[in-house]
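One structure is given below, encoded as structure tokens.
Where a number appears in this text, it was derived from the coordinates with a stated rule and is not lab data. None of the values given here were measured: they were computed from a predicted structure. Here the Cβ positions follow ideal geometry from the backbone for every residue, glycine too, while neighbour counts run over all protein chains shown.
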Amino acid sequence: MLLSNCCFGCTQSQLASIDDDHTLPLDYYSTKKLIRDLGLPVEKIDTCKNGCMLYWNDNIDRDYCKFYGEARYKRLGSEILICKKNPYTILRYLSLTTRLQRLYASEATVEQLTWHANHQTEEGSMYHPSDAEAWRHFDWIYLNFAAELCNVRLRLYTDGFALHRQYGRMYSYWPVILTPYNLPLRKSMSSEYMFLMMVIHDHSNPKYLIDVYLELLIKEL
């Protein structure tokens, strides 16, 4: 059940009246401020409305697309909104580092980060990707990486869907998800360990320009 800000504030006030020595925040804003640091940091990045570039890194100060000259911000008549710049599209990126740090900080998961190297599988059977020849070939090529068993092996995947197609609007959404393969398969395939990195949304299919959006993730890796 969702509560309005006013209703939430009234509920908090009633709870606070039970005990004079309470430390409860008295309104929604104070509560949100209190728990803000428990959440994941979100980076908001303006993108070209055609999906061909990010206004990020060396391009953060640009007002026009460097490829096709499209405006970064919406216009009011012939003038760009100076007082409040409204970009055509914004990409929200969730940090991977923060999620991985929480895996190592938790006693429930830190020991299982080496499960991929220590589990036993019958010869000729494949229970986990670490049982595959491709995994062993990777370890043979990158010996230093493979020597540290806690180094994270990640699976990247995405797929798109058109939420509003039934209403005559073509607008696709593409969630980009990472999964750590260090863990047992039943855990790495559970929603708890599927890390949503970003949701790409556009009027057209972004699959031919998806590397533009993945630049953020590749940079962090």
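Under 27 Å of direct C-alpha separation, and excluding same-chain neighbours fewer than eight residues apart, LYS187 reaches these lysines: LYS219. A Cβ-based charge dipole, computed about the Cα centre of segment 101-221 with Lys and Arg at +1 and Asp and Glu at -1, lands at about 520 debye. The packing ranking, built from the mean of other Cβ atoms within 10 Å per residue, places the peptides 132-140, 94-102, 44-52 in the order 44-52, 94-102, 132-140, highest first.
Only lysines eight or more places from LYS49 in sequence, or on another chain, were considered; those with a Cα closer than 17 Å are LYS66, LYS74, LYS85, LYS207. Each Lys or Arg adds one and each Asp or Glu takes one away; over the other residues whose Cβ falls under 14 Å from the Cβ of ASP61, this sums to +1.
Here GLN101 and GLU43 are evaluated by their C-beta separation; at R0 = 25 Å the FRET efficiency comes out at 0.95.
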